[in-house]
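Worksheet: one structure, shown below.
The values are calculated or read from the model by the stated rules, or taken from the named source; none is laboratory data. A quick note: this is a predicted structure, and the numbers were derived from the prediction, not measured. Quick reminder, even Gly has a Cβ in these numbers, built from the backbone with ideal geometry, and neighbours come from all protein chains shown.
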Amino acid sequence: MRKLNVVMNGVTGRMGYRQHLVRSVLAINHQGGVTLSDGSRVRLEPILVGRNEVKLRELAEQHGIQRWTTDVDEVLRHTAERGVYFDAQVTSAREKSTLKAIEAGWDVYTEKPTAETLESALHLARVATEAGVRHGVVHDKLYLPGLIKLKRLIDGGFFGRVLSIRGEFGYWVFEGDWQPAQRPSWNYRAEDGGGITTDMFCHWSYVLEYLFGPSKAVTARAVTHIPTRFDEQGTPYEATADDAAYGIFELADGVIAQLNSSWVVRVFRDELVEFQVDGTEGSAVAGLRRCRIQHRAATPKPVWNPDLPVTERFRDQWQEVPDNADLDNGFKAQWEDYIRHVVEDTPHPYDFLSGARGVQLAELGLRSSEEGRRIEVPEVTL
């Protein structure tokens, strides 16, 4: 069996540990590796990297991982067999480490955003392309069962002409005083790369692009609803980054997407993220796992009458889209696709240029909010 070194930088963080190390890389090895087109397999050899020696040692011992280090430069320079460098650090630290990996000849796979600015994101894309390394960015939302079902509907022509998309994402993140926060404090400090616009508009960029088409213009409002939060030590700090973002995205052919992102909303929906797509022939509501539809021929005829109570249950009038397949963890599925791209040179469109488009949309969304106006989204190229 072939083995591939995978340097994993940032595994002591929540996403780096849970989704990428445990539920992706280790889960892939548990199933016997990544299956290639000829039936052979590739086993991943993780090398853990981070700043906290104690946490790294504990993780390595817990999962039986032989190699770990706090010196990313040493492992990139002196590992005999190059492989994949993966980065799940805070955004402000990502560009510098990723450039080192590219210069050392490693293929690179990173969380998003790839960098703090569009200029830096495009620089990474150019350097990686010129160096001939295979580069990829996490596009996990496209691998969600709910969005896979939605893509199936789009490809089958279910909607007719798509008219609009409405999305709601978020949940209440506790302030950290009387209950611990579910997200790290850096998320709420702009100087550390925090902010929900920077985080989520990178997602909305590729979700809209690969399902419906790229954004042509954006109008957004980014807000810091809760000005004071409490860090991991219980110390109050000023929240300098936005905790909610309300966006309108104009796509081709007059399609309008309205997407709300919030860490200060209490959930009254079936899943933490839901998208409603309305078209001339039918509508769908897709979440993390479920997808429900209502075809034109089965659409009821509601009548507005505020003087009488509503007796019909509108949600009962929708049909469930079947799974039709066992759909794996989205992070793990993209890891497998990226490893096949590295080993077999299979197509992988979710590269650093795609990541740069996400950074661009976040930048323009923040600019739209600051200037109070609609902003067109120019095409970005290398």
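From the list GLY167, GLY146, GLY160, GLY176, pick out the single residue that is at pLDDT 95 or above, in the same structural domain as PRO236 (by TED's automatic domain parsing) and surrounded by fewer than 16 Cβ atoms within 10 Å (Cβ to Cβ). Don't jump to the end; show me each part of the working.
Values: GLY167 fails: surrounded by fewer than 16 Cβ atoms within 10 Å (Cβ to Cβ); GLY146 fails: surrounded by fewer than 16 Cβ atoms within 10 Å (Cβ to Cβ); GLY176 fails: surrounded by fewer than 16 Cβ atoms within 10 Å (Cβ to Cβ).
Sole residue among the options that is at pLDDT 95 or above, in the same structural domain as PRO236 (by TED's automatic domain parsing) and surrounded by fewer than 16 Cβ atoms within 10 Å (Cβ to Cβ): GLY160.
Take the residues in region 342-382 that are of a type in the set (Lys, Arg) and not in a loop (DSSP other than H, G, I, E, B); name whichever of them is nearest to the chain's Cα centre (by Cα).
Residues of region 342-382 of a type in the set (Lys, Arg): 357, 367, 373-374.
So of that shortlist, the ones also not in a loop (DSSP other than H, G, I, E, B) come out as 357, 367.
Numbers: ARG357: 13, ARG367: 21 Å.
The qualifying residue nearest to the chain's Cα centre (by Cα) is ARG357.
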Taking region 287-306 and keeping only residues that are of a type in the set (A, V, I, L, M) and in contact (Cβ under 8 Å) with a residue 60 or more places away in the chain, one is left with LEU288, ILE293
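Within 22 Å of ASN9 (Cα to Cα), of a type outside the set (Ser, Thr, Tyr), assigned to a strand (DSSP E or B) and at pLDDT 95 or above: which single residue out of VAL133, VAL108 fits that description? Write out each step before concluding.
Working: VAL133 fails: assigned to a strand (DSSP E or B).
Sole residue among the options that is within 22 Å of ASN9 (Cα to Cα), of a type outside the set (Ser, Thr, Tyr), assigned to a strand (DSSP E or B) and at pLDDT 95 or above: VAL108.
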Those residues of region 70-97 which are among the polar types (S, T, N, Q) and under 27 Å from the mean Cα position of the chain (by Cα) amount to THR70, GLN89, THR91, SER92, SER97
Of the residues in region 295-325, those that are closer than 18 Å to GLU168 by Cβ and at pLDDT 95 or above come to TRP318
Across (1) part of a loop (DSSP other than H, G, I, E, B); (2) under 24 Å from ASP140 (Cβ atoms); (3) at pLDDT below 95, ALA80 clears everything bar (2)
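Filtering region 267-281 down to residues that are of a type in the set (Asp, Glu) and assigned to a strand (DSSP E or B), which residue is farthest from the chain's Cα centre (by Cα)? Before the answer, list the steps.
Going through region 267-281, the residues of a type in the set (Asp, Glu) turn out to be 270-271, 274, 278, 281.
Now narrow it down to the ones that are assigned to a strand (DSSP E or B): 274, 278.
Values: GLU274: 15, ASP278: 24 Å.
Per the criteria, the residue is ASP278.
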Of the residues in region 213-266, those that are touching a strand residue (DSSP E or B) at 6+ places or on another chain (Cβ under 6 Å), under 24 Å from SER164 (Cβ atoms), assigned to a loop (DSSP other than H, G, I, E, B) and of a type outside the set (S, T, N, Q) come to LYS216, VAL255, VAL265
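Can you name every residue in region 1-33 that is in contact (Cβ under 8 Å) with a residue 40 or more places away in the chain and farther than 28 Å from THR91 by Cα? Walk me through it before giving the result.
If we filter region 1-33 for residues that are in contact (Cβ under 8 Å) with a residue 40 or more places away in the chain, which is where we start, we get 1-17, 19-25, 27-28.
MET1, ARG2, LYS3 - these are the residues of region 1-33 that are in contact (Cβ under 8 Å) with a residue 40 or more places away in the chain and farther than 28 Å from THR91 by Cα.
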The correct count of residues that are closer than 14 Å to PHE86 by Cβ and either in a loop (DSSP other than H, G, I, E, B) or among the basic types (Lys, Arg) (or both) in region 24-64 is 1
Within region 286-338, residues crowded, with 17+ Cβ neighbours inside 10 Å, among the aliphatic types (A, V, I, L, M) and assigned to a loop (DSSP other than H, G, I, E, B) come out as VAL321
Of the residues in region 257-285 that are in contact with a helix residue (DSSP H, G or I) (Cβ under 8 Å, 6 or more places away or on another chain), over 30 Å from ARG183 (Cα atoms) and not hydrophobic (A, V, I, L, M, F, W, C), the one that is surrounded by the most Cβ atoms within 10 Å (Cβ to Cβ) is GLY282
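Against the definition (within 22 Å of GLY358 (Cβ to Cβ), among the aliphatic types (A, V, I, L, M) and out of contact with any Ser or Thr (no Cβ under 8 Å at 6 or more places or on another chain)), how does VAL264 come out, yes or no?
Working: within 22 Å of GLY358 (Cβ to Cβ): no; among the aliphatic types (A, V, I, L, M): yes; out of contact with any Ser or Thr (no Cβ under 8 Å at 6 or more places or on another chain): yes.
No.
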